[in-house]
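Working notes, beginning with the structure itself.
The values are calculated or read from the model by the stated rules, or taken from the named source; none is laboratory data. This one's a predicted model, so the numbers in the text were calculated from it and none came from an experiment. Note that we place each Cβ from the backbone using ideal geometry, even for glycine, and neighbour counts take in every protein chain shown.
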C-alpha cells in the first residue's frame, strides 16, 4: 500500500485512544452480560409479548459499556431519549400512512426534542424507526410500546451498566468536576482555567461535540488563552476569594457548630451576626476546650457560639493585594482570612487559595 493511500485511510480514522486488551475485553463482556441479563428478564416479564426486546439496545450497550463517560451515555439520556423517541415513533406510525415519511419525520422530530431536553442518545433514532417499521406486533402495542419493551429494556440495561461499571472501578454516571464544598471554583480553577473559560471556548463551536481527545485538547488550549489574560496581573483578594462561605451564627448552639465542623471537615469558621457582619471566629480546638471544661460549674452558662468565640478578627478588603496576606499565612499559620466590605462578610481566602496562586506563578517562571 502506497504512502498516499495510508495517509488517506488515516484521515478517515477517528482520533480516539486505543484501549488496552483488558479494557476492550471488559467493554465486550459488559455488553454481553448486560444484553443477556436484561433480555432474559424482559422475556420473563413480557413472556406473552413477541417484541420483548428491541435491537436499539445493542447500540445503547456500546455507549454504556464502551464509552460510559460520553455525555450521550448518561442515565438521563438513555431513559429520556428512548422514551421520547418511542412516543414520537408510535405517534408517527399512527398518523402518517406513508412509511418513508413516517420514520423520517419520527427520527427528525425525536432528534429535535432530545436536543431540546438535553437527552440526546443516538440509539434512540433506531427506537423511533422500530416503532414505525416494527411490524404488526409493535403496532398492536400502540403507546404501550413506550413502556414495554422500550422503557423496560432501557431501565434494565441501565441498571446493569451502573452495577458493572462500578464493579470494575469506573465512575458511572460520570461525575461533574466541581468544588464539592461550595459553589465557587476550586482554588486551582481560580488562578487557571475556570468553567466560564471552557464555556466561552465551547460557544465558538456551533456543532455538538461528543469530545474526542483531539476536541478536548483544542478546547483546553483555547480556554488557556482566556486564562492567560489573568496571569499577568497582581492578584487582588476579590480575584481568588470564595464567595460561598460556610459560616456560624453567633447565636448558634455549640453542639450545632461542632456538627458543622464535622460535616465540612474544617478547623475554623467565621462567625457572623444576623445582618451578615463578621463578629468573630471559632476554631475547632476552642470547641474541644469547651468540652473539657463542660463539667466545671463555672462554665455551665456557656452554650452559644458567641460565648466561646474569638472576637479578634483579621480581615481584608476585596481590592487589597494578596501579597498583604502572606505574613498571616506564613508567620501566624492562619487557615483563612475573611474578606469584608462595609464590615459585611463577602468571602474568604484560604491557605489553599494562596498555595494555588503560588503554584501558578511558579509554573510561569518555568
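Odds and ends about this structure:
- Test: residue in the range 124-138 that is crowded, with 21+ Cβ neighbours inside 10 Å, in contact with a helix residue (DSSP H, G or I) (Cβ under 9 Å, 6 or more places away or on another chain), at pLDDT below 95 and not in a loop (DSSP other than H, G, I, E, B): yes
- Boolean, residue 212 is outside the structural domain of residue 340 (by TED's automatic domain parsing), out of contact with any helix residue (DSSP H, G or I) (no Cβ under 8 Å at 6 or more places or on another chain) and either within 24 Å of residue 120 (Cβ to Cβ) or at pLDDT 70 or above (or both): yes
- Qualifying residue in the range 177-187 (condition: in a helix (DSSP H, G or I) and either within 18 Å of the chain's Cα centre (by Cα) or modelled with pLDDT of 65 or more (or both)): yes
- All positions within the range 320-354 that are over 18 Å from residue 281 (Cα atoms), touching a helix residue (DSSP H, G or I) at 6+ places or on another chain (Cβ under 7 Å) and in a helix (DSSP H, G or I): 322, 352, 353, 354
- Residue in the range 291-305 that is at pLDDT 90 or above and either at negative phi or assigned by TED's automatic domain parsing to the domain that holds residue 250 (or both) present: yes
- Any hit, the range 111-120, residues being out of contact with any strand residue (DSSP E or B) (no Cβ under 9 Å at 6 or more places or on another chain), at pLDDT 95 or above, part of a helix (DSSP H, G or I) and closer than 15 Å to residue 55 by Cβ: no
- Residue 338 vs. criteria modelled with pLDDT of 90 or more, farther than 17 Å from residue 248 by Cβ and in contact with a strand residue (DSSP E or B) (Cβ under 8 Å, 6 or more places away or on another chain): no
- A single member of 22, 17, 13 is farther than 24 Å from residue 77 by Cα and either under 26 Å from the mean Cα position of the chain (by Cα) or modelled with pLDDT of 90 or more (or both), and it is 22.
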